[in-house]
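Here's the structure we're looking at; comments come further down.
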Amino acid sequence: MGRPDPEEGQLPAPVKPPDGGWGWIVLLGCFVITGFSYAFPKAVSVYFKELMKDFHVGYSDTAWISSIMLAMLYGTGPVCSIMVNQFGCRPVMLIGGLLASSGMILASFTTNIIELYLTAGVLTGLGMALNFQPSLIMLGTYFDKRRPLANGLAAAGSPVFLSSLSPLGQVLLEKFGWRGGFLIMGGLLLNCCTCGAVMRPLDMGMKRKMEKAQDKYEAKEMLPIGGKSEEGIGSADGTKKAKKAKKKLKKGKKLLDFSIFSNRGFIIYTISKFILVLGLFVPPILLVNYAKDTGVPDTEAAFLLSIIGFIDIFARPACGMVAGLKWVRPHVAYLFSFSMLFNGLTDICSARASNYTGLVIFCVFFGISYGMVGALQFEVLMAIVGSQKFSSAIGLVLLIEAFAVLIGPPSAGRLVDALKNYEVIFYLAGSEVVLSALFLAMATYCCLNRGKKKEPPPENPSAGGGSDTEEAESDVQEAEEHSSDNHQPAHSTDNAVVAASEEANHVAEEQSGEGGGCPEGDGEVLARDSCNAEQMVERDRF
């Protein structure tokens, strides 16, 4: 007898997250994937000077490599969602790891900048995108109560890898050149395949029930025909219903669930996130040049980014622990708004920093607020849409963020070239982040919290038509109950039916004997109809 393949798709039968166990291994894999996804496009910049010399191009031409990587990471979100919903997280991550590694390996043999765009940019960026999104989905399936802490720890991979990959790239460049460095970096990206291999899907409840029903049916087939044959028949019926439920689940599964746009919380989150990304990445991109223009030496100016990364490493897990507190977690959206407000005010207050001490203070507070935003952004999204729709939600959100990434930093760079003034850019970026924080907090309070208070409780929640998934899950439960009830003979059901019909006939006779006819009255139409029906039954009986 065939068994269902545990790797085939992802059935939406809910399973309680273990909040530990193998989930810690999954968290480690998500930590590594997040580090590679966010830090690798920035770490590649150490090779840009050598690329400019070999290919005789400008800095803006080489900078497109990192831009294409980030564009693929954000812009291919819906494609990743479709692949995850169709094939599952583990196969997609294994393919993504191979693509990311092969992109860097092929880039080491390129002869012009266009080939670098296609290999290191498109191929490696697509591979990292196919790893990043499924890892977050798996993290949400393994953690529920500890999910804020898990998200904070996984997000800490970005600053940790950024602080390690950049020095490593510099060492590889000095010893092996940029071609050897790309080749070794491609080998390092094969670790994404290892991380994908440990993303073991949880045993879905429906699959366990189907296997249990099949095992019982196979056991009953070996029994001799006799008094217990009815048990095998009941188990066979349960197996058929379980298979029918699986077909319903596959039929009702959507590759990309656009119904999340009917969720007001998701719309509010998406709009605020778009406004946030417009200004969030501008200060760290312009910080080094801003420090150099104020007279700070090059080495000390580069050290400012290290300060942000070091503070960020501790800020993200700490914020995840705070978000997991019982009295904080129900209001995590407001904590996310506070972190964005903190970040925006830091940009505005530090716009006039004119010495190195002021810039260091700015980096400390920016690292704290930036870490809080990074730790909470996906936790808030999971809380809004739930783990079942998170795969579609994150893909659509990343696609919308891709437009903001392509608008925000380039626009800030053009303003700097036009105005020759960094102060205005910091004011503008901080104002955008503050606006996103205020919008999220006010919209959440006015549109969501008040809406919940005004919504009347549903009168009959079971009366409405459920989705295909809900019907399939109910069929699975019915199949399990039917197959597990193997100790009751089949003829007992017939006896119960006969007894119920005799009791009904006895009640009808008593009512006809006592009433003696139809009740009278102008307003008793229903009673007369009922009485006529009873009399017709009596006539047919005799």
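The values are calculated or read from the model by the stated rules, or taken from the named source; none is laboratory data. Keep in mind that this is a model prediction, so the values were computed, not measured. Every residue, glycine as well, gets a Cβ built from its backbone with ideal geometry; the counts of neighbours run over all protein chains shown. Please note that ligands, DNA and RNA were not included when accessible areas were found on the heavy atoms of the full protein model with its side chains. Shrake-Rupley method; radii C 1.70, N 1.55, O 1.52, S 1.80 Å.
Numbers at a glance
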quantity	calculated
Residue match in segment 20-37 (condition: surrounded by fewer than 21 Cβ atoms within 10 Å (Cβ to Cβ) and modelled with pLDDT under 85)	yes
Condition met for Ser337 (at negative phi and open to solvent by 50 Å² or more (accessible area, probe 1.4 Å))	no
Test: residue in segment 45-52 that is free of Cβ contacts under 8 Å to residues at least 12 places away in the same chain and outside the structural domain of Gly395 (by the TED database)	yes
Residue in segment 308-318 that is assigned to a helix (DSSP H, G or I) and without any contact (Cβ under 8 Å) to a residue 24 or more places away in the chain present	no
Subset of segment 416-442 (residues that are of a type in the set (Gly, Ala, Ser) and within 26 Å of Asn289 (Cα to Cα))	Ala418, Ala429, Gly430, Ser431
Enumeration of residues in segment 100-129 that are open to solvent by less than 10 Å² (accessible area, probe 1.4 Å) and closer than 14 Å to Phe40 by Cβ	Ala100, Ser101, Gly103, Met104, Ala107, Ala120, Gly121, Thr124, Gly125, Gly127, Met128, Ala129
Residues within segment 319-334 that are open to solvent by 20 Å² or more (accessible area, probe 1.4 Å), of a type outside the set (A, V, I, L, M) and either part of a helix (DSSP H, G or I) or farther than 26 Å from Ala443 by Cα (or both), tallied	4
Single match in Gly344, Gly395, Gly413, Gly408 (criterion: part of a helix (DSSP H, G or I) and modelled with pLDDT of 90 or more)	Gly344
Tally of residues being assigned to a helix (DSSP H, G or I) and surrounded by 20 or more Cβ atoms within 10 Å (Cβ to Cβ) across segment 72-93	13
Residue identified as outside the structural domain of Pro134 (by the TED database) and in contact (Cβ under 8 Å) with a residue 24 or more places away in the chain among Leu419, Leu381	Leu381
Matching residues in segment 349-398 - criterion: being open to solvent by less than 10 Å² (accessible area, probe 1.4 Å) and among the β-branched types (Val, Ile, Thr)	Val373, Val380, Ile394, Val397
Matching residues in segment 228-282 - criterion: being modelled with pLDDT under 55 and aliphatic (A, V, I, L, M)	Ile233, Ala236, Ala242, Ala245, Leu249
Odd one out for Ala154, checked against (1) under 23 Å from the mean Cα position of the chain (by Cα); (2) aliphatic (A, V, I, L, M); (3) open to solvent by 10 Å² or more (accessible area, probe 1.4 Å)	(3)
Meets criteria (out of contact with any His (no Cβ under 9 Å at 6 or more places or on another chain) and farther than 15 Å from Ile33 by Cα) for Gly186	no
